[in-house]
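Engineer: One structure, pasted below without further comment.
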Amino acid sequence: MRKYFVLIVLVIFVASFALALSGCTPEEIAHEPDFTLNYTEPESGIPYFTKTNSDGTVVDTDFRILNFTDLHLHDGTSSLTYLTLSIMERHIQREKPDLVVITGDICLGSLAEEAQIALNDVFERNSQYYAIVLGNHDGEGSSISREELITNYENFPFCLTRRGPSDIYGYGNYVINIKGSTGQIVNSLVFMDSGDYTTETKCQEYGFSYKSGYDFIKPDQIDWYKTTLDSIKESNGNIMPKSALFIHIPLYEYADAFDLSQDNENPGQATLVYGQHMEKECSSKINSGMFAAILEKDSTKLVICGHDHVNDYCVEYQGVKLTYSQSLSYGSYFLRANGNLKSLLVLQEGSNLTFPDGATLLTLGADITPSRLLNQDYPQVFEGLEEEIISANINPASLPE
């Protein structure tokens, strides 16, 4: 009996030692899913996810989405690409999400196709479903157009991105549903192309006075959004499911919502759920009415975007969580750069400032709940990447110990 006791103690010790080496505590290790994830593309209609148990019965359980944004991959082999994709892959392997979504500014420049292949390799290697929306920089300064980028994504086996209707603006306007045990749709995921930059032609076509700057969601896209949700409701026993909207450029209302959340004289108009306001919101100067459509349909309860690399707040405004995804923009501007010593000193003095790089976890159940996965809370994501960290101009003092 004593022999078995010693053996058990030894096994526990070895397991604990292995966990210590990995930098994880037992609570931090994601367990294998208890259910099988199924993705179905019907001959007609909207594709959908279900989860089934061992006998094939559809079950009701939370659907988990890991959201990244602004990867700014300029090639497939550089140290910056390797750094970003390695950190992303470590989050995926740890969380084992049902779906990964990347909200724009992904593969840029003259080697965008090479970057797409390197990105997709991560998902094929992990047999991980993913979906994307385009950002303003996708297709910019590139030999490949936004439409061609989307076509490439469509052809990758684990990528669920679709071009969407050809009679409305943009590339990548599409929907994926999540069905529960009764066969009803319990959540809808709406993906929309928020464009790149305004032009006089675009503004004139859609009846807006020209204002230079970032693009806006077009009226025909908004009509598509409303009619699609109406169609989903009609096919769903007249029940409108809750939905999440994935875009790149923040809606016009983000700035107003955050300002209202800080208004101590008139509290309650908006609530800061979490996060930081580190730069001015870079929305379009044109408010085309997307948020009004969201309120009208009363389906979308969370909007998540990228674009502003160091904003990572979530504000609940008129029943909608306006949310920034955590960014992985080591190939563009970010808070850990050597030059940003002021922010670093504030952090070291114990303020509530955090480095916003990381991922955002969305849990879709009775509610749609976002939460931050900050890289500073998971030091293991940086392990073994010393050369790449130097190449990215990351201040070593900003890294978690």
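The values are calculated or read from the model by the stated rules, or taken from the named source; none is laboratory data. Computed from a predicted structure; not experimentally measured. Here the Cβ is made from the backbone with ideal geometry for all residues, glycine too, and neighbour counts use every protein chain on show.
Engineer: Could you look through the stretch 283-317, keep only residues that are more than 13 Å from residue 103 (Cβ to Cβ) and charged (D, E, K, R), and pick out the one that is surrounded by the most Cβ atoms within 10 Å (Cβ to Cβ)?
Structural biologist: That would be 301.
Engineer: Read through the list (1) closer than 22 Å to residue 247 by Cα; (2) out of contact with any helix residue (DSSP H, G or I) (no Cβ under 8 Å at 6 or more places or on another chain); (3) of a type in the set (Lys, Arg), then give the number of the only condition that residue 64 fails.
Structural biologist: It is condition (2) that residue 64 fails.
Engineer: Given the criteria at pLDDT below 90 and part of a helix (DSSP H, G or I), does residue 346 qualify?
Structural biologist: Yes: the conditions hold for residue 346.
Engineer: From the list 214, 225, 197, 206, exactly one residue is touching a residue at least 40 places away in the same chain (Cβ under 8 Å), surrounded by 23 or more Cβ atoms within 10 Å (Cβ to Cβ) and assigned by TED's automatic domain parsing to the domain that holds residue 64. Which is it? Spell out the reasoning first.
Structural biologist: Working: 214 fails: surrounded by 23 or more Cβ atoms within 10 Å (Cβ to Cβ); 197 fails: surrounded by 23 or more Cβ atoms within 10 Å (Cβ to Cβ); 206 fails: surrounded by 23 or more Cβ atoms within 10 Å (Cβ to Cβ).
Criteria check complete, one pass: 225.
Engineer: Among (1) farther than 26 Å from residue 363 by Cβ; (2) part of a loop (DSSP other than H, G, I, E, B), which single condition is residue 277 missing?
Structural biologist: So the condition that residue 277 fails would be (1).
Engineer: May I ask you to list the residues in the stretch 211-250 that are closer than 25 Å to residue 186 by Cα and assigned to a loop (DSSP other than H, G, I, E, B)? Break it down into steps so the answer makes sense when it comes.
Structural biologist: Taking the stretch 211-250 and keeping what is closer than 25 Å to residue 186 by Cα, we get 221-248.
Within the stretch 211-250, 236, 237, 238, 239, 240, 241, 247, 248 meet the criteria.
Quick grid of which residues meet (1) assigned to a helix (DSSP H, G or I); (2) surrounded by 22 or more Cβ atoms within 10 Å (Cβ to Cβ):
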{"residue": "51", "(1), (2)": "no, yes"}
{"residue": "61", "(1), (2)": "no, no"}
{"residue": "75", "(1), (2)": "no, no"}
{"residue": "85", "(1), (2)": "yes, no"}
{"residue": "93", "(1), (2)": "yes, no"}
{"residue": "114", "(1), (2)": "yes, no"}
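Engineer: Here is a further query. Residues in the stretch 239-281 that are among the hydroxyl-bearing types (Ser, Thr, Tyr) and either surrounded by fewer than 19 Cβ atoms within 10 Å (Cβ to Cβ) or not assigned by TED's automatic domain parsing to the domain that holds residue 71 (or both): how many?
Structural biologist: Residues of the stretch 239-281 that are among the hydroxyl-bearing types (Ser, Thr, Tyr), as a first pass: 243, 252, 254, 261, 271, 274.
Within this subset, residues satisfying the condition of being either surrounded by fewer than 19 Cβ atoms within 10 Å (Cβ to Cβ) or not assigned by TED's automatic domain parsing to the domain that holds residue 71 (or both) are 271, 274.
Of the residues in that region, 2 qualify.
Engineer: Name the residue that is nearest to residue 365 (Cα to Cα), counting only residues in the stretch 282-312 that are under 18 Å from the mean Cα position of the chain (by Cα) and among the β-branched types (Val, Ile, Thr).
Structural biologist: So the first thing to find is which residues in the stretch 282-312 are under 18 Å from the mean Cα position of the chain (by Cα), and the list is 282-283, 300-312.
Checking the rest, the ones that are also among the β-branched types (Val, Ile, Thr) come to 300, 303-304, 310.
Details: 300: 14, 303: 16, 304: 17, 310: 28 Å.
My answer is 300.
Engineer: Working only within the stretch 199-245, note down all residues that are within 27 Å of residue 140 (Cα to Cα), within 27 Å of the chain's Cα centre (by Cα) and of a type in the set (Lys, Arg).
Structural biologist: Once the filter is applied, which keeps residues that are within 27 Å of residue 140 (Cα to Cα), within 27 Å of the chain's Cα centre (by Cα) and of a type in the set (Lys, Arg), the stretch 199-245 yields only 218.
Engineer: Right, something else. Given the structure, is residue 208 among the aromatic types (Phe, Trp, Tyr) and part of a loop (DSSP other than H, G, I, E, B)?
Structural biologist: Numbers: among the aromatic types (Phe, Trp, Tyr): yes; part of a loop (DSSP other than H, G, I, E, B): yes.
For residue 208, the condition - among the aromatic types (Phe, Trp, Tyr) and part of a loop (DSSP other than H, G, I, E, B) - is met.
Engineer: Could you go through the stretch 131-142 and let me know if any residue there is surrounded by fewer than 21 Cβ atoms within 10 Å (Cβ to Cβ), of a type in the set (Ser, Thr, Tyr) and within 30 Å of residue 37 (Cα to Cα).
Structural biologist: Looking for residues that are surrounded by fewer than 21 Cβ atoms within 10 Å (Cβ to Cβ), of a type in the set (Ser, Thr, Tyr) and within 30 Å of residue 37 (Cα to Cα), one finds none in the stretch 131-142, hence no.
Engineer: Of the residues that make up the stretch 283-299, is at least one touching a strand residue (DSSP E or B) at 6+ places or on another chain (Cβ under 7 Å), of a type in the set (D, E, K, R) and either on the phi < 0 side of the Ramachandran plot or at pLDDT 95 or above (or both)?
Structural biologist: no
Engineer: Taking only the stretch 52-62 into account, find how many residues are under 18 Å from residue 236 (Cα atoms) and touching a Phe, Trp or Tyr at 6+ places or on another chain (Cβ under 6 Å). Show your work before the answer.
Structural biologist: We begin by selecting, within the stretch 52-62, every residue under 18 Å from residue 236 (Cα atoms); these are 58-60.
Now narrow it down to the ones that are touching a Phe, Trp or Tyr at 6+ places or on another chain (Cβ under 6 Å): 59.
Result for the stretch 52-62: 1.
Engineer: Consider the stretch 325-339. How many of its residues are in contact with a helix residue (DSSP H, G or I) (Cβ under 8 Å, 6 or more places away or on another chain) and part of a strand (DSSP E or B)?
Structural biologist: 0
Engineer: Another question, if that's okay. I'd like to verify a number: residues in the stretch 373-391 that are hydrophobic (A, V, I, L, M, F, W, C) and either assigned to a helix (DSSP H, G or I) or modelled with pLDDT under 95 (or both), how many?
Structural biologist: First, pick out the residues of the stretch 373-391 that are hydrophobic (A, V, I, L, M, F, W, C): 373-374, 381-382, 385, 389-390.
Within this subset, residues satisfying the condition of being either assigned to a helix (DSSP H, G or I) or modelled with pLDDT under 95 (or both) are 381-382, 389-390.
The qualifying residues number 4.
Results for (1) exposed (fewer than 13 other Cβ atoms within 10 Å of the Cβ); (2) assigned to a loop (DSSP other than H, G, I, E, B); (3) at pLDDT 50 or above; (4) small (Gly, Ala, Ser), shown as yes or no for each residue.
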{"position": "7", "(1), (2), (3), (4)": "yes, no, no, no"}
{"position": "11", "(1), (2), (3), (4)": "yes, no, no, no"}
{"position": "16", "(1), (2), (3), (4)": "yes, no, no, yes"}
{"position": "27", "(1), (2), (3), (4)": "yes, no, no, no"}
{"position": "37", "(1), (2), (3), (4)": "no, no, yes, no"}
{"position": "64", "(1), (2), (3), (4)": "no, no, yes, no"}
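Engineer: Between a residue in the stretch 109-136 that is hydroxyl-bearing (Ser, Thr, Tyr) and any residue that is not in a loop (DSSP other than H, G, I, E, B), which pairs come within a Cβ distance under 6 Å, given they are 6 or more apart or on different chains?
Structural biologist: 129/99; 130/100; 130/123; 130/159
Engineer: If a residue has to be modelled with pLDDT of 95 or more and surrounded by 19 or more Cβ atoms within 10 Å (Cβ to Cβ) to count, how many in the stretch 350-372 make the cut?
Structural biologist: Total meeting the criteria: 9.
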